[in-house]
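Asker: Have a look at this one.
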Amino acid sequence: MDRTTTVRDSKASSSAAVLGAPCWVSLMARELEPALQFYGAVFGWTFRTGRLGEQFRVALDDGEPVAGIGALAPALQVAVAWTPYFAVEDADATAARIRERSATVAVGPVAFQTGRGALAADRDGAVFGIWQGKLVNDWESWRDREPAWLRLRTRNAFEAAIFYGEVLDWAAERPGCCDVRYEAEEVVLRHGGHIVARLSSGALEAAPDPTIRPHWEVHFVTTDVPAKTAAARAHGGMVIAQGTAGTGPWATIRDPDGATFTINTRAAVEPAT
């Protein structure tokens with residue numbers, strides 16, 4: 001498949017996406033099998049092969065896609081981390097906008113069977129991905145079910161919102177774009193009336209603790225936080241923070257490979273009443 005065909009097909013399939021909104025989350029681990037064992041034990045996920053290579057799996061919850069887990073290529077010098085991907089109409093144009101705003105495109109855009117993707121870092125160093133096209137089979141159900149949501153811990157939420165808004169066309173006048181508002185001292189991103197991301201100020205660029213430096217947090221929605229927290233501990237994970245919000249318990253966990261994620265309930269993404 002040549003690049004022209006890939007671009008044409010991925011643009012056609014991207015019409016179902018909410019452009020600028022999160023469309024996927026993915027973990028790049030050092031080794032695939034240990035990562036599958038850990039997340040299968042914690043969440044009860046099963047896994048299927050996808051179209052992104054032998055070292056990539058799609059995690060399923062009751063048969064529905066939740067996330068991607070893959071193994072890092074030896075030559076790819078990136079940290080082990082959960083990374084959000086945002087739907088875009090044209091990966092090359094978006095990558096150009098990222099560079100124009102003094103941010104970094106670390107990998108890509110790269111063509112795959114189902115589209116084009118790139119890995120980037122914003123001006124404060126928070127890593128994110130962009131994706132043009134159809135990611136995996138049934139990916140529209142991921143968007144509709146929203147099994148994960150995101151929070152950007154950043155130095156200045158307003159400056160970050162301007163950057164991402166310009167790069168991803170947030171709050172544009174085009175129909176179906178994401179809505180951005182300031183609520184409860186955070187910038188809140190919505191589509192279809194649902195909160196899909198929050199941007200919070202206060203991260204420190206030079207902090208020795210990576211959880212305090214600017215980064216995107218991936219939050220998985222679950223109905224039993226205590227059970228999954230216990231399972232994570234039992235299988236080599238570390239609970240680095242936990243508590244109870246107005247909507248129930250939450251926990252931030254570091255997996256055996258060093259990647260962090262948070263588990264909480266669906267109601268935790270909505271503003272407190």
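Asker: Rounded if a/c is under 1.5, else prolate if a/b beats b/c, else oblate: with a ≥ b ≥ c from the C-alpha gyration tensor eigenvalues square-rooted, which is segment 54-135? All intermediate terms of the calculation are to be shown ahead of the outcome.
Answerer: Details: a/c = 1.85, a/b = 1.45, b/c = 1.27.
Taking the square roots of the gyration eigenvalues as a ≥ b ≥ c, segment 54-135 is prolate.
Asker: Ordered by packing density, taken as the mean number of other Cβ atoms within 10 Å over each peptide's residues, highest first, how do 210-222, 119-131 rank?
Answerer: On the way: 210-222: 19.8, 119-131: 21.7.
Sorting 210-222, 119-131 by mean packing, highest first, produces 119-131, 210-222.
Asker: Where Rh is the Kirkwood radius over the Cα pairs of segment 143-187, the temperature 20 °C and the viscosity 1.002 mPa s, what D in µm²/s does Stokes-Einstein return?
Answerer: Value of D from the Cα-based Kirkwood radius: 179 µm²/s.
Asker: Oh, and also: Mind ranking Ile162, Ile263 by accessible surface for me, highest first, 1.4 Å probe?
Answerer: Details: Ile162 100, Ile263 0 Å².
Largest accessible area first, the residues go Ile162, Ile263.
Asker: Which order do peptides 107-114, 236-243 fall in by mean Cβ count within 10 Å, highest first? Write down the numbers at each step before the final one.
Answerer: On the way: 107-114: 17.9, 236-243: 14.2.
Final packing ranking: 107-114, 236-243.
Asker: In vacuum, with every alpha carbon of segment 144-240 counted as one equal point scatterer, what does the Debye formula give for log10 I(q)/I(0) at q = 0.20 Å⁻¹? Two decimals, please.
Answerer: Per q value, in the given order, log10 I(q)/I(0) is -1.06.
Asker: Now for a separate question. Mind ranking Tyr164, Tyr182 by accessible surface for me, highest first, 1.4 Å probe?
Answerer: Result, largest first: Tyr182, Tyr164.
Asker: Right, another one. Sorted by accessible area with a 1.4 angstrom probe, largest first, how do Trp250, Trp24 fall?
Answerer: Values: Trp250 80, Trp24 5 Å².
These residues rank, largest area first, as Trp250, Trp24.
The values are calculated or read from the model by the stated rules, or taken from the named source; none is laboratory data. Here the structure is a predicted model, which is why all the values come from computation and not from measurement. So basically every Cβ, Gly included, is an ideal-geometry build from the backbone, and we count neighbours across all protein chains shown. Note: accessible area is taken over every heavy atom of the protein model, side chains too, but ligands, DNA and RNA are not part of it. Shrake-Rupley method; radii C 1.70, N 1.55, O 1.52, S 1.80 Å.
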